[in-house]
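As structure tokens, the structure follows; a few thoughts come after it.
Nothing in this text is a laboratory measurement; each read-out follows from the coordinates by a stated rule. Because the structure is predicted, anything quoted here is derived from the model rather than measured. Note: ideal-geometry Cβ built from the backbone for every residue, glycine included; neighbour counts use all protein chains shown.
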Amino acid sequence: MKPIQYQGIAASSGYAVGPIHKLRVRTVVPVRRSIPPEEIPLEKKRFQDAVAQARDEIQELIQHLERDLGPEEAEILSSQLFILEDEMVWDATLAAIQLDRINAEAAFAKTVGDVTARFLEIEEVTFRERVNDLRDVEQRVLRAFLGTGPVEPDLPEEPSIILARNLTPSDTATLTGGEVLAFVTDEGGATSHVAILARSLGVPAVVGLKDASKRLKPGRTVAVDGTEGLLIANPDLETRDRFTLLQRRLVDINEKLAGLKDLEAITPDGHRVRMMANIELPIEVDEALARGAEGIGLLRTEYLFFQRKRIPSLEDQVTVYSEMVRRMKGRPVIFRTLDVGGDKVTDYLGAKREYNPFLGWRGIRFSLANRNLFKTQIKAVHRAAAAGPAKLMFPMITGVAELRTAREICEEAVHELEQEDVEYAAPLDTGIMIETPSAVLTADLLARECDFFSIGSNDLIQYTLAMDRGNSRVSYLYQPLHPAILRAIRDTVNAAHDAGIWAGLCGEMGSETRLAEVLLGLGLDEISLHGAALPKVKQVIRWTTLSEARQVVDELLSLSTAEEANRWLEDYVTARKKERWEGAQNEQ
């Protein structure tokens with residue numbers, strides 16, 4: 001049989017070859033039935049008992065994960081306990097039993113379905129992936145109603161590639177034995193729990209393969225490339241030998257990269273770049289620290305707002321934000337204020353669907369129109385800053401007027417905190433996201449009135465090139481090396497430095513190893529990226545002089561199209577890798 005290649009999403013680097021072991025778990029679908037009023041107390045008690053049983057099972061699984069991987073990785077499942085204890089889940093389920101007069105399992109499934117629908121409306125991929133947690137908890141509670149207890153997946157009897165449509169956190173946690181060579185799933189993304197756990201285990205993983213689980217039969221031999229996101233069915237002998245060699249090289253590379261954890265990203269000619277982490281959820285903090293992050297360069301605060309029906313109170317936010325600051329142990333945390341709008345709809349916040357959400361009521365526009373909500377979040381960040389260094393950052397700024405208004409609200413918030421008997425820190429460094437062409441064109445004016453810039457390359461590329469990367473018809477236009485993008489970043493950094501402030505980048509460009517020298521040459525002071533990509537980018541910076549990186553940028557800026565720039569950079573990176581490889585061999 002000829003080799004067949006499937007392209008997915010690289011979730012955990014590494015290479016493996018072995019037989020497929022398919023996982024299938026029966027899904028429980030509750031039957032809805034009406035109940036008479038006198039049975040309402042009984043149904044509420046049934047719900048409480050089922051949740052108690054599910055909680056015990058999750059805690060037992062957490063202990064199992066702590067034994068195998070340690071307490072940091074076990075926190076991934078701790079988030080499921082929060083779901084069980086969330087008052088939104090409790091109140092909505094009890095209300096459905098009381099008002100709709102339906103059985104407890106149907107009421108619980110209805111509640112989870114409502115929460116899931118809201119998560120699926122959020123643009124950020126990570127929030128969509130949290131739906132997996134909700135469904136995992138739902139199935140555990142529904143099985144508790146049936147009295148069947150936890151269903152353990154059928155483990156492989158020989159070293160195998162685990163293939164499934166999706167893997168819940170519970171499924172993944174039970175597969176921490178030595179028989180797992182790699183994880184492969186139809187669904188999921190690079191920040192899903194299976195990806196996080198696979199990286200902790202040091203096991204390759206490819207997700208987002210769409211329908212591979214339907215096409216491939218158990219026992220069939222496949223090769224998994226978790227670095228490029230490839231799955232190769234029926235690999236020939238040459239491919240198997242190549243994967244074995246690549247895995248050996250990867251082990252050597254990772255051992256060397258691990259030694260960089262406590263080292264700074266300093267070029268051979270003395271230029272330092274701060275290496276920070278983008279964080280969406282608390283469970284990502286430990287991985288970022290393990291990879292050597294110097295702080296959090298982008299903390300997205302939307303999760304706290306979208307995980308419940310009601311707006312989180314000031315105390316809710318202070319509790320969560322303070323814990324994040326404490327966990328960073330003196331490293332700075334940059335809080336991006338609520339970035340919500342028509343593309344991240346949730347009715348209770350008042351953001352309605354819009355015809356063109358990316359050009360609508362979103363980001364700082366939404367916050368300025370909801371002054372009290374915005375001020376409450378500002379207060380929470382200032383209070384959290386009492387626990388450690390924190391900074392504020394405003395999204396979607398298009399001009400000085402918006403920045404001034406936002407800073408006025410910050411001053412009001414601090415003034416009100418002065419009147420209250422609470423601990424807080426002020427003033428805080430305040431920066432803005434550079435995401436729009438107007439912000440780039442007025443960067444010199446904006447730089448006079450804030451403390452730092454952070455370039456959001458994802459939106460900057462989309463707005464500058466007038467395209468939506470989620471639209472398959474125009475996604476090919478998403479080109480980080482387009483001359484307009486390179487010029488925009490260069491001009492933004494220059495404007496910041498001319499005004500005496502620093503400029504960083506927190507978009508996806510920061511996580512692309514091939515672009516590390518480009519970002520260095522553009523003069524960025526800070527790069528905030530996914531934790532998994534941090535060591536590789538740091539290594540490139542440590543072996544590239546600033547003068548070399550500037551020459552790379554000069555060459556790219558001399559080209560007329562993104563296609564030309566991509567070809568030139570590909571040739572350059574290939575040549576540099578060869579030089580470094582030969583140099584390493586000569587040293588040995």
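Some values worked out for this structure:
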{"item": "Percent RCO, i.e. relative contact order, over the chain, from Cα pairs under 8 Å lying at least 6 residues apart", "result": "14 percent"}
{"item": "Relative intensity, log₁₀ I(q)/I(0), of the stretch 266-558 from a Debye sum that treats every alpha carbon as a point, q = 0.11, 0.15, 0.16 Å⁻¹", "result": "-0.64, -1.21, -1.38"}
{"item": "Identified option (computed Rg and Dmax of the Cα atoms in Å; candidates (i) 29.2, 91; (ii) 25.0, 83; (iii) 34.4, 109)", "result": "(ii)"}
{"item": "Under 15 Å from the residue 154 label point (7 Å along Cα→beta-carbon), backbone N, the stretch 203-235", "result": "217-220"}
{"item": "Greater than 27 Å apart at Cα, pairs in 329/379; 2/578; 2/256; 214/577", "result": "2/578; 2/256; 214/577"}
{"item": "Candidate aspartates and glutamates - alpha carbon under 13 Å from residue 391, same-chain residues fewer than 8 apart omitted", "result": "429, 451"}
{"item": "Span from the the stretch 441-511 Cα centroid across to the the stretch 244-320 one, whole angstrom", "result": "21 Å"}
{"item": "If the convex hull is drawn through the Cα atoms of the stretch 415-536, its volume per residue in Å³", "result": "150 Å³"}
{"item": "Under 26 Å from the Cα of residue 45 - lysines, other chains or at least 8 residues apart", "result": "110, 309"}
{"item": "Taking the stretch 266-558 and dividing mean pair separation by its residue count, relative contact order in percent (alpha carbons under 8 Å, at least six apart)", "result": "20 percent"}
